[in-house]
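Comments concern the structure below.
Since every read-out is calculated from the coordinates, none of them should be taken as a lab result. Keep in mind that this is a model prediction, so the values were computed, not measured. With ideal geometry, Cβ positions are generated from the backbone for all residues, glycine too; neighbour counts draw on all protein chains shown.
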Amino acid sequence: MREWDESLMLSYEKDALGFYITGHPLAQFANLHRLISHQVSELDEERDFNADVRLAGVITMFRPLKTKKDERMAAFFLEDLSGRIEVIAFPEAFRKNFEHLHEDRLVWIKGKFIGEGESRKVQLNFVMPLADAFQKLAKRMVIRVFIPGLEETILDEVKDVLAKHPGECPVFFELETPHAYRVVAQSVEVDGVLPSEELTKTIESLLGEEAVYVEY
C-alpha cells in the first residue's frame, strides 16, 4: 500500500501513543516565527506578565467547563515545538471562538499571559486555524530575484504560479545584482495572492531556497 503522508502518520502516532515521535505538525511551517510573538518556552513571568501574546500550536487535553452561572467555557493546553501552556477560554471568548476549539487542531491564538510558576496560563481572546492565519494576517509577500543569469522563461513560470493563487496579499519583488544594488518594487501585473506553504515551495523550486518571505 502507498505510504501515509506525514500529517496522517503523525495523527496516528498521537492517537496510538499520546505523543509524536517522528516529527511535529508545526515543523512544516517555515515562516511560523513571523506569525507569533513568542514560543511557549520564551514566555517570561516578569517581562511578559499581563502582556498580549500571539502563539501557535496544537490543541491538546481539551476540557469543556461551565461557570457557576451555567455558562460554557473551556480549558486546554497549547503545544508548540518548545513546550506547552494552559489556555483558558472564559465564557465570552468561548462564545466567539468555540467553532475552532477542538482537540488536535492546529491554531493561532491571541491572548493575555497571566499567572506564574505552575499556575501560568494564557487567557484566550481570539483563535483561528493556523492555515487561515498564514493567509489572512499576511501584509505582503516578497519574492527575491537574483537578476544575473535569470532566464525569461523562469519569470513567466513564476507569473503563472502567482496567477493560480489569487488573493488580497500584495506581491513585491526584491531585485538584486551582485555587489551593486537591491530594489524592492511592487508587481503591477499581479493584483495579489493567497499565501500558503504550497505557493512558497513552488516559487522556491524555481528561484531557489529562501526566495520568498511573507511579512505579518
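Worth a mention:
- Cβ-Cβ distance of E151 and A30, R₀ of 35 Å, FRET efficiency by 1/(1 + (r/R0)^6): the value works out to about 0.85.
- For the options P178, P170, P25, a Gaussian network treatment of the chain with springs between C-alpha atoms closer than 10 Å singles out P178 as fluctuating the most.
- Between G149, G192, G115, the residue with the greatest mean-square fluctuation in the GNM of the chain (Cα pairs under 10 Å linked by springs) is G149.
- The ranking of K110, K68, K159 by Cβ neighbour count inside 10 Å, starting from the fewest, reads K68, K159, K110.
- In the range 28-153, lysine pairs closer than 30 Å at Cα, eight or more apart or cross-chain: 25
- Listed candidates [x] 0.95; [y] 1.05; [z] 1.11 - label of the one calculated as Rg/Rh (Cα atoms, Kirkwood Rh): [y]
- Expected 222 nm ellipticity per residue - DSSP helices of 4 or more, -39500 (n - 2.57), all of the chain, to 500: -6500 deg cm²/dmol
- Gaussian network model of the chain, springs between alpha carbon atoms under 10 Å - residue of V58, V87, V145 with greatest fluctuation: V145
- Net charge of the neighbourhood of L207, taken over other residues with C-beta under 10 Å away and scored Lys/Arg +1, Asp/Glu -1, is -3.
- Net charge of Cβ neighbours under 12 Å - reference L137; Lys, Arg +1; Asp, Glu -1: +3
- In plain terms, the residue of M1, M141 with the fewest other Cβ atoms within 10 Å comes first and the most crowded comes last, giving M1, M141.
- Environment charge at G111 (Cβ cut-off 13 Å; Lys +1, Arg +1, Asp -1, Glu -1): +2
- The ranking of I143, I114 by Cβ neighbour count inside 10 Å, starting from the fewest, reads I114, I143.
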